[in-house]
Protein chains: 2
Amino acid sequence: MKFKAKINVMPRQEILDPQGKAVSLGLKNLGISTIENVRIGKHIHLEVEADSSVKARKQVEIACEKLLANLIMEDYAFEVNMLD
Amino acid sequence: MKFKAKINVMPRQEILDPQGKAVSLGLKNLGISTIENVRIGKHIHLEVEADSSVKARKQVEIACEKLLANLIMEDYAFEVNMLD
């Protein structure tokens, strides 16, 4: 069975996010002053071949821990759905 | 009122995604061969000050169109929720 995973990897709350700060500043320069606290992470889509949703989730978890997220600086969250 | 927006910016379907390809390869090298079709975009959190949810959505839309997404290569989607 094939599953689709959607993963969010975000900088941890206590970590500075220079990219987010730059975007905040950019928005102010564009005249959009109502937006603040911008934080930028990664959004990842991928497909997993697995026997069950549980096994698919396990695969995605391993991928996040080993490659997709830097656990010292980032948190991750994901959802897995069966592909039709 | 304060609103929190969660935005996803993804490379368009017909656009090559070299970062995704690199991650696919990296996962294979780590022995995870069940994962494919990796595509990587941005996940953005921000806070908007606005009178209503409709106005907050409008602000976020302007920010996406003007700065956060490159509409030639990327699509965006977002949700806006009131902050408590």
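The values are calculated or read from the model by the stated rules, or taken from the named source; none is laboratory data. Everything numeric in this text was worked out from a predicted model, so none of it was measured. We place every Cβ from the backbone using ideal geometry, glycine too, and count neighbours over all the protein chains shown. When the accessible area is computed, the model is the full protein with side chains, heavy atoms only, and any ligands, DNA or RNA have been set aside. Shrake-Rupley method; radii C 1.70, N 1.55, O 1.52, S 1.80 Å.
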Residue that is farthest from residue A:19 (Cα to Cα), among those in the range B:45-84 that are assigned to a strand (DSSP E or B) and among the hydrophobic types (A, V, I, L, M, F, W, C): B:82
Meets criteria (under 26 Å from residue B:62 (Cβ atoms) and either open to solvent by 20 Å² or more (accessible area, probe 1.4 Å) or of a type in the set (Phe, Trp, Tyr) (or both)) for residue A:58: no
Qualifying residue in the range B:50-58 (condition: touching a strand residue (DSSP E or B) at 6+ places or on another chain (Cβ under 8 Å), facing chain A (nearest Cβ under 10 Å) and either under 20 Å from residue A:29 (Cα atoms) or charged (D, E, K, R) (or both)): yes
In the range B:14-39, residue farthest from the other protein chains (Cβ to nearest Cβ) [restricted to those that are part of a helix (DSSP H, G or I) and within 18 Å of residue B:70 (Cα to Cα)]: B:18
Answer from A:6, A:42 - the residue that is assigned to a strand (DSSP E or B), within 7 Å of another protein chain (Cβ to nearest Cβ), touching a residue at least 24 places away in the same chain (Cβ under 8 Å) and basic (Lys, Arg): A:42
Enumeration of residues in the range B:49-81 that are touching a residue at least 12 places away in the same chain (Cβ under 8 Å) and of a type in the set (A, V, I, L, M, F, W, C): B:50, B:56, B:60, B:63, B:64, B:68, B:69, B:73, B:77, B:78, B:80
Among (1) open to solvent by 40 Å² or more (accessible area, probe 1.4 Å); (2) free of Cβ contacts under 8 Å to residues at least 12 places away in the same chain - the single one residue A:15 does not satisfy: (2)
Candidates B:81, B:37, B:8, filtered to the one that is open to solvent by 60 Å² or more (accessible area, probe 1.4 Å), within 27 Å of residue A:1 (Cβ to Cβ), of a type outside the set (Lys, Arg) and under 20 Å from the mean Cα position of the chain (by Cα): B:37
